[in-house]
Amino acid sequence: MAIKPVLKMGDARLLQVSEKVSQFGTPQLHALLQDMQDTMNALNGAGLAAPQIGVNLQVVIFGFEKNQRYPDADEVPFTVLLNPELTAIADEQEEGWEGCLSVPGLRGMVPRYTQLRYQGVDQFGKTIDRTVSGFHARVVQHECDHLQGILYPMRIKDFNSFGFTDVLFPGQEIVDD
Ligand code: NI
């Protein structure tokens, strides 16, 4: 349908808590998801949350086979996730690099739970219940944070590991704009 402008950090709409989706399989929901997918694909995103295009609903999408923004990341299945609930399986966290389409050109080291269960529904109201690890767990935590009004820089513990992608990773052709 359309590539939408992605809101950037500083926009108050990114700081809101999103509302639950109550109706599934509607034309409006399908149109929103098409816009989100078009926008994510156009920007090579690993994921996108509805608030990033100014829609205050608990809707995230994520997934890729190969991603130019995260060339070393393992494949994550394309997923539409609504009304998510996250549960850490263990207390263990690990630091890893993250970027965000709402924070263009920057990367930071963010601690995330390594083992994660996520539950929710897809666009038709069908249950999703998965236990994941690695980059899959990271991207789900990142996207679902958007639904709570949290951007990854708010999670950074060590600001020595926060900077511009082209300076942090010189010569590495990481797409980040
Ligand atoms: Ni993001």
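The values are calculated or read from the model by the stated rules, or taken from the named source; none is laboratory data. Model, not experiment: these values are computed from the prediction. Cβ sites come from the backbone with ideal geometry, for glycine too, and all protein chains shown count toward neighbours. These accessible areas exclude ligands, DNA and RNA; they are computed on the full protein's heavy atoms, side chains included. Shrake-Rupley method; radii C 1.70, N 1.55, O 1.52, S 1.80 Å.
Helix 27-42 against the longest principal axis of the chain: what's the angle in degrees, Cα atoms only, rounded to the nearest 10?
Helix 27-42 and the main axis of the chain meet at about 20 degrees.
In region 1-100, what GluC sites (Glu not before Pro) fall in a loop by DSSP, with at most 12 other Cβ atoms inside 10 Å? Working shown, then result.
Details: sites: GLU19, GLU65, GLU75, GLU85, GLU92, GLU94, GLU95, GLU98; in loops: GLU65, GLU75, GLU92.
Sites meeting the loop and neighbour criteria: GLU65, GLU75, GLU92.
Could you list log10 I(q)/I(0) for the chain at q = 0.16 Å⁻¹, which the Debye formula gives when each Cα is one point scatterer?
Evaluating at q = 0.16 Å⁻¹ gives log10 I(q)/I(0) of -0.95.
For region 19-168, what % of the accessible area comes from carbon and sulfur atoms, probe 1.4 Å?
On the way: 3230 of 6900 Å².
In region 19-168, the share of accessible area belonging to carbon and sulfur is 47 percent.
Have a look at region 103-176 and give its Rg and Dmax from the Cα atoms, expressed in angstrom.
According to the Cα coordinates of region 103-176, Rg and Dmax are 14.9, 44 Å.
Please work out the ratio of the alpha-carbon Rg of region 137-177 to 2.2 N^0.38 Å and round it to two decimals.
Values: Rg = 12.4 Å, N = 41, 2.2 N^0.38 = 9.0 Å.
It is 1.38.
How much accessible area per residue does region 34-153 have, in Å², with a 1.4 Å probe? Kindly include the intermediate steps, with their values, before the conclusion.
Working: 4700 Å² over 120 residues.
It amounts to 39 Å² per residue over region 34-153.
Could you calculate the contour length gain from THR87 to ASN41, that is, 0.36 nm times the residue separation minus the distance between their Cα atoms, to one decimal place in nm?
In short, 13.7 nm is gained.
Two decimals is fine: what is log10 I(q)/I(0) at q = 0.13, 0.17 Å⁻¹ for region 81-133, from a Debye sum with one equal scatterer on every Cα and no solvent?
With no solvent term, the Cα-only Debye profile gives -0.44, -0.69.
Nearest 10 degrees is fine. How inclined is helix 134-146 to the longest principal axis of the chain, computing both from alpha carbons?
Roughly 70 degrees between the two axes.
Given a cut-off of under 8 Å on Cα pairs at least six residues apart, what relative contact order in percent is computed for region 19-168?
Working: 275 pairs, mean separation 33.2, N = 150.
The normalised contact order for region 19-168 reaches 22 percent.
Please work out how many pairs of lysine residues in the chain are eight or more positions apart (or on different chains) and have Cα atoms closer than 27 angstrom. Display every interim value, and only then the final one.
Details: LYS4/LYS20; LYS4/LYS66; LYS4/LYS126; LYS8/LYS20; LYS8/LYS66; LYS8/LYS157; LYS20/LYS126; LYS66/LYS126.
Total qualifying Lys-Lys pairs in the chain comes to 8.
What's the longest bit of the chain with no exposed trypsin sites (Lys or Arg not before Pro), using DSSP loop states and at most 16 other Cβ atoms within 10 Å as the test? It would help to have the intermediate numbers written out before the result.
Working: sites that count: LYS8, LYS20, LYS66, LYS126, LYS157.
Result, exposed sites excluded: 67-125.
With all protein chains present, calculate the accessible area of ASP74 using a 1.4 Å probe and round the result to the nearest 10 Å².
Surface accessible to solvent at ASP74 totals approximately 120 Å².
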